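The values are calculated or read from the model by the stated rules, or taken from the named source; none is laboratory data. Bear in mind the structure is a predicted one, so any value in this text is a computation, not a measurement. Cβ: placed from backbone, ideal geometry, glycine included. Neighbour counts: every protein chain shown. We work out accessible area using only protein heavy atoms, side chains counted, and drop any ligands, DNA or RNA first. Shrake-Rupley method; radii C 1.70, N 1.55, O 1.52, S 1.80 Å.
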Amino acid sequence: MTKAELVEVVAAQSKLTKKSAAEIIDIVFSNIGKAVKKDARFSYPGFGTWSVRSRKARKIRNPQTNEMMKLKASKTIGFRPAKELKNSL
């Protein structure tokens, strides 16, 4: 599902305009991002949990030159689905 498809579904189910639905969706995802950044975790019961994950520094190989390179440690965001969501699949 794309963002445009999500906006259409939300607009139809909530009887809002597509513009209003898009603004609400943007606000929701913006606040999820801020919550994860601030608290390192955001949980939505019945759906899942977004959390910050740390990646260790490691060596990688450049496929074009076969040169070994060092990749710095980094942070990423991960999603763990709730049991209810997993069971509904």
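Observations on the structure shown:
- A Cβ-based charge dipole, computed about the Cα centre of region 35-89 with Lys and Arg at +1 and Asp and Glu at -1, lands at about 320 debye.
- Hull volume in cubic angstrom per residue (convex hull over the Cα atoms of the chain): 168
- Split the accessible area of the chain by element, probe 1.4 Å, and carbon with sulfur accounts for 56%.
- Computed with a 1.4 Å probe over protein heavy atoms only, the accessible surface of the chain comes to 86 Å² per residue.
- Under 5 Å from the amide H of residue 82 lie the amide H atoms of 47, 48, 49, each residue being 5 or more positions distant or on a separate chain, with H modelled from the backbone and absent for Pro and chain starts.
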